[in-house]
Amino acid sequence: MKFLVALALIFALQPASSLAQSAAPKPVAHSNPLSAFNKYAYGVQKTILLRSAEKMPEADYNFKPTDAVRTYGQVLAHIADAQYMFCSIVRGEKDTAPKVEGAKTSKSDIVAALKDAFAYCDPAYDNMNDSSATEIVQLNGDTPKLSVLSVNNMHNMEHYGNLVTYMRLKNIVPPTSEPGFMADSKKK
C-alpha cells in the first residue's frame, strides 16, 4: 500500500522526463489532460518494467517463490501478451499477441518480446486525445478507450508488485527502490 501511495505521489509531483523515457509527455494541464496523464503513467511503467526485466539475472528467470505462481520470466511474458490484448482493442485491431508466455523462456527472448509489446502499445497511447478517449470499445462490455488503457496501466503495476517480491527474495533492489531513484528523477 505504501508503494501505491508513493507511486501516486511520483505521478502527481514529478515531471514526465524524470521517470519515463523522453517520449513520455509531462503530466501538466493542457488541452488533453486525461489522455496525457494516462500516457505519462504508461511511460513510467514501461521504464520500470524494462528495468526490472534487465535487473534479474538470466539464471533467475525461472525462479518462482512457490509452485502456485508464475516464474519471473513468465510474469514478464504475461505482461507482454497483455499489452497486445489491451492495445489491440484500442487500436481497433485483432489481438496478435505472439503468446510469449507459452513460447519464450530465455531472458533475451522475453526482454525482446516485452520491448516489442511496448512498441506495439506506444501508438495506442500516443494517438489518444481526450476526445478519442471517450470512444466506446469492447472490454467485458462497453468501455471507453481511455479506460482500456487505464486497465492496462493497472495490470502492469499489479504485476510489477509481483516482480518486486521476486527481486527482493533474490536480494535485488527493485527499480523504484534504487538509491537515488527520486533524486535522479529530479535531474532529468
TODO: Enumerate the pairs (first residue in region 49-77 and in a helix (DSSP H, G or I) and crowded, with 23+ Cβ neighbours inside 10 Å; second residue anywhere and polar (S, T, N, Q) and at pLDDT below 95) with beta-carbon separation below 9 Å, excluding pairs fewer than 6 apart on the same chain, so at least 6 apart or on different chains.
DONE: 73/105; 77/105
Task: Any hit, region 97-110, residues being hydrophobic (A, V, I, L, M, F, W, C), over 19 Å from residue 77 (Cβ atoms) and out of contact with any strand residue (DSSP E or B) (no Cβ under 6 Å at 6 or more places or on another chain) - done: no
Task: Residue in region 123-142 that is crowded, with 22+ Cβ neighbours inside 10 Å, β-branched (Val, Ile, Thr) and touching a helix residue (DSSP H, G or I) at 6+ places or on another chain (Cβ under 7 Å) present - done: no
Task: Meets criteria (of a type in the set (Val, Ile, Thr) and either free of Cβ contacts under 8 Å to residues at least 12 places away in the same chain or touching a strand residue (DSSP E or B) at 6+ places or on another chain (Cβ under 9 Å) (or both)) for residue 136 - done: yes
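Mind listing whichever residues of region 49-108 are basic (Lys, Arg) and either out of contact with any Ser or Thr (no Cβ under 6 Å at 6 or more places or on another chain) or within 30 Å of residue 127 (Cβ to Cβ) (or both)?
Answer for region 49-108, where residues must be basic (Lys, Arg) and either out of contact with any Ser or Thr (no Cβ under 6 Å at 6 or more places or on another chain) or within 30 Å of residue 127 (Cβ to Cβ) (or both): 51, 55, 70, 91, 94, 99, 104, 107.
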- [ ] Determine if region 103-114 includes at least one residue that is in a helix (DSSP H, G or I), charged (D, E, K, R) and surrounded by fewer than 15 Cβ atoms within 10 Å (Cβ to Cβ).
- [x] no
TODO: Answer with yes or no whether residue 158 is surrounded by fewer than 19 Cβ atoms within 10 Å (Cβ to Cβ), closer than 16 Å to residue 87 by Cβ and of a type in the set (D, E, K, R).
DONE: no
Open item on the list: For region 88-96, check the following and say yes or no: at least one residue is touching a Phe, Trp or Tyr at 6+ places or on another chain (Cβ under 8 Å) and at pLDDT below 95.
Closed with: yes
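The values are calculated or read from the model by the stated rules, or taken from the named source; none is laboratory data. Please read these numbers as outputs of a predicted model, since none were measured by experiment. All Cβ positions, even for glycine, are placed from backbone atoms using ideal geometry, and neighbour counts span all protein chains on display.
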